[in-house]
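So the structure is just underneath, and the comments pick up after that.
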There are 2 protein chains.
Amino acid sequence: MDQFVSTFTNKIDAKGRISVPVSFRTVLAKDGFEGIYCYPSLDDAALDAGGQRLVDKIQLLLEDIAPYSDERDHLAMALFGASEVLSIDQDGRIKIPERLCDHAALSSKATFVGLGGKFQIWEPEKFQDQFSAGRKKLSEFKGLLGTDRRKPGDAEGARE
Amino acid sequence: MDQFVSTFTNKIDAKGRISVPVSFRTVLAKDGFEGIYCYPSLDDAALDAGGQRLVDKIQLLLEDIAPYSDERDHLAMALFGASEVLSIDQDGRIKIPERLCDHAALSSKATFVGLGGKFQIWEPEKFQDQFSAGRKKLSEFKGLLGTDRRKPGDAEGARE
DNA sequence: TGGGATATCATGGGCGTCAATGGATGGAAG
DNA sequence: CTTCCATCCATTGACGCCCATGATATCCCA
């Protein structure tokens, strides 16, 4: 699996360290990035994080939005300037810088939530709210995902 | 056979483990996915589960619904964040995380229901209710299913 | 055809390993 | 000297691996 999946809530210890879920570390290792690329989410009181794939995506996004312009530099500054590369210690822990903690209102615990190509870090209670809201929104689309209201190809009959 | 078919009710042991029906394991092995991708059903108190095919479907869905919006993050959270990749031990058993057990109200037993391209996991009694209800509805659509009609009574493989 | 031997699968339990966490040590920087 | 940070070690609880059991279905051969 090369996607960030599931959610984990871990403790931030007295020294500000927190364990990164092992499955996330595995994904990061696979895309060959030493550490975690991390920046404040633009939309939420949370942190966006990921590995090389995320960095590439941001670069593409920048080039798309503002090719060869001054504006691009400004955007780049806003995005990259607010970012940090967090190193993972040998026990799989990171230390989240204060500036980022502030943005996400992190104190004693943090929730890692996988979003496929990247993941986010939330204060657990804020996460719950956001999650419920997202779930509700998702059910508006449920016709598309469905409980397998059987695609044509899925018509089943024979047994083994 | 590359479809999830039939119904099995198995026991959840003291350690929270449950055997995945061997025929389901065979299907999973065929589509090349180590483990079971699993998330709470949007419509029911049950779990949706499957292999690589299911993951692909979800990814496509996300790209369809919300390419590059902040909404996409929220939907990704509701989908990937609520999901788990369950590893199958060498005896063919999985451990269903508490969060998922809660959603499906699983305690001592669970029913695996094949739906073709994916399968569901139900609390046995809830499944019975759902099954009867579904059967009633099914008769309304019988015409659509044509010759391939399976009598519901035939669908049970559970040994109890 | 019947009955015993064999294979397969669901299930239970013991045990070693690993992940998450807490704490200690050593060194660099202010 | 004191603070910050990285490495290292210890503890605990969960999980994976392994083996045993029982029940069922399959096969083989007289």
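The values are calculated or read from the model by the stated rules, or taken from the named source; none is laboratory data. Bear in mind the structure is a predicted one, so any value in this text is a computation, not a measurement. Glycine also receives a Cβ, built like all others from the backbone with ideal geometry; neighbour counts cover every protein chain displayed. Quick note on the areas: whole protein, heavy atoms, side chains included, nothing else; ligands and nucleic acids left out. Shrake-Rupley method; radii C 1.70, N 1.55, O 1.52, S 1.80 Å.
Brief remarks on what is shown
- Long-range neighbours under 9 Å by Cβ, at least six apart or interchain, first residue at the interface with chain A (Cβ under 8 Å from one of its Cβ atoms) within segment B:108-123, second open to solvent by 20 Å² or more (accessible area, probe 1.4 Å) and assigned to a strand (DSSP E or B): B:Gly114/B:Phe8
- The residue of segment A:20-45 that is farthest from the other protein chains (Cβ to nearest Cβ), among those that are open to solvent by 20 Å² or more (accessible area, probe 1.4 Å), within 16 Å of DNA strand D (Cβ to nearest atom) and within 15 Å of the chain's Cα centre (by Cα), is A:Arg25.
- Only a single criterion out of (1) in contact with an Asp or Glu (Cβ under 6 Å, 6 or more places away or on another chain); (2) touching a residue at least 24 places away in the same chain (Cβ under 8 Å); (3) at the interface with another protein chain (Cβ under 9 Å from one of its Cβ atoms) is not satisfied by B:Pro97, namely (2).
- Filtered by the rule that a residue be more than 13 Å from DNA strand C (Cβ to nearest atom) and of a type in the set (Lys, Arg), segment A:96-115 gives a lone residue, A:Arg99.
- Residue within segment A:90-112 that is farther than 16 Å from A:Ile12 by Cβ and among the basic types (Lys, Arg) present: no
- Matching residues in segment A:50-68 - criterion: being of a type in the set (Gly, Ala, Ser) and closer than 13 Å to A:Gly116 by Cβ: A:Gly50, A:Gly51
- The selection criterion, being open to solvent by 60 Å² or more (accessible area, probe 1.4 Å) and either closer than 22 Å to A:Ser41 by Cα or in contact (Cβ under 8 Å) with a residue 24 or more places away in the chain (or both), holds for B:Asp91.
- When segment B:46-64 is filtered for residues that are open to solvent by less than 40 Å² (accessible area, probe 1.4 Å) and within 10 Å of another protein chain (Cβ to nearest Cβ), the ones remaining, listed by number, are B:Ala46, B:Asp48, B:Gly50, B:Leu54, B:Val55, B:Ile58, B:Leu61, B:Leu62.
- Inspection of segment B:4-12 finds no residue satisfying the criterion of being free of Cβ contacts under 8 Å to residues at least 24 places away in the same chain and either touching a Ser or Thr at 6+ places or on another chain (Cβ under 9 Å) or over 22 Å from A:Gln130 (Cα atoms) (or both).
- If the condition is being out of contact with any Gly (no Cβ under 8 Å at 6 or more places or on another chain) and within 17 Å of A:Pro124 (Cα to Cα), then segment A:16-42 contributes A:Gly16, A:Arg17, A:Ile18, A:Pro21, A:Pro40, A:Ser41.
- Of all residues in segment A:17-29, exactly one satisfies the criterion of being under 30 Å from B:Asp31 (Cβ atoms), small (Gly, Ala, Ser) and within 8 Å of DNA strand C (Cβ to nearest atom), namely A:Ser23.
- Sole exception among (1) touching a Leu at 6+ places or on another chain (Cβ under 8 Å); (2) farther than 24 Å from A:Gly134 by Cβ; (3) at the interface with chain A (Cβ under 8 Å from one of its Cβ atoms) for B:Glu84, by number: (2)
- Conditions (1) surrounded by 13 or more Cβ atoms within 10 Å (Cβ to Cβ); (2) within 21 Å of A:Glu125 (Cβ to Cβ); (3) of a type outside the set (A, V, I, L, M, F, W, C): number failed by A:Asp13: (1)
- Search result, residues across segment A:1-16 that are more than 7 Å from DNA strand C (Cβ to nearest atom) and either within 14 Å of chain B (Cβ to nearest Cβ) or modelled with pLDDT of 95 or more (or both): A:Met1, A:Asp2, A:Gln3, A:Phe4, A:Val5, A:Ser6, A:Thr7, A:Thr9, A:Ile12
- Filtered by the rule that a residue be open to solvent by 80 Å² or more (accessible area, probe 1.4 Å) and farther than 27 Å from A:Pro97 by Cβ, segment A:66-83 gives A:Tyr68, A:Asp70, A:Glu71.
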